[in-house]
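Structure first, then comments.
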Amino acid sequence: DESPHPVGGGVSAGLAGTLALVQALIDADIDARLWCATRGAAAVSRAEHLADAAQMQVWGFGRAVALEHPDLWGGLVDLPERMDARAGERLCAVLAGLGTEDQVAVRPSGVFGRRLVRAGQAGSVEGWRGSGTVLVTGGTGALG
């Protein structure tokens, strides 16, 4: 999505084009996997920033397509600001299906996927320090 300009109702040109492409592939009954690439829609470290919020729309739409049309969907890949040979090799490996991830950020330093990580045993958070975004589950007992 090189154009962040909305086409109406806050919908980016990239999302509108991706929707049209998905509809055309479904209508044509094409047996292929669709991968959508973005740049600046995912941050893998505190040093990175989300450069283009409009491209995050494609990620949200892609997750819905993955659920509704799993035979069509390949995945989502966020590319680094500058592609180098190492990032290019990693992108080729992702597209070739050498991993099991369908939502990744490719960077020169590696391929990143999202993970939920257990903070510790239930009820034992002593000494734990969260960093970044944290999901707390089962915390509605005494707090709720």
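The values are calculated or read from the model by the stated rules, or taken from the named source; none is laboratory data. Everything numeric here is computed off the predicted structure, so don't read it as measured data. Counting neighbours? That spans all protein chains shown, and the Cβs are built from the backbone with ideal geometry, glycine included. Side chains are part of the model used for accessible areas, which takes the heavy atoms of the whole protein and leaves out ligands, DNA and RNA. Shrake-Rupley method; radii C 1.70, N 1.55, O 1.52, S 1.80 Å.
Observations on the structure shown:
- Count of the range 23-42 residues which are without any contact (Cβ under 8 Å) to a residue 60 or more places away in the chain and either open to solvent by less than 50 Å² (accessible area, probe 1.4 Å) or of a type in the set (D, E, K, R) (or both): 12
- Selection within the range 43-56 - in a helix (DSSP H, G or I) and either open to solvent by 60 Å² or more (accessible area, probe 1.4 Å) or β-branched (Val, Ile, Thr) (or both): ALA53, MET56
- Cross-chain or 6+ apart pairs with Cβ under 6 Å, the range 43-54 first and without any contact (Cβ under 8 Å) to a residue 40 or more places away in the chain, then exposed (fewer than 11 other Cβ atoms within 10 Å of the Cβ) and in a loop (DSSP other than H, G, I, E, B): none
- For the range 87-129, the tally of residues that are at pLDDT below 70 and open to solvent by less than 80 Å² (accessible area, probe 1.4 Å) stands at 4.
- Residue match in the range 79-86 (condition: in a strand (DSSP E or B), of a type in the set (A, V, I, L, M), in contact with a Phe, Trp or Tyr (Cβ under 8 Å, 6 or more places away or on another chain) and modelled with pLDDT of 75 or more): no
- Criterion (modelled with pLDDT of 90 or more, surrounded by 15 or more Cβ atoms within 10 Å (Cβ to Cβ) and more than 19 Å from SER109 (Cβ to Cβ)) met by exactly one of GLY60, GLY75, GLY14: GLY75
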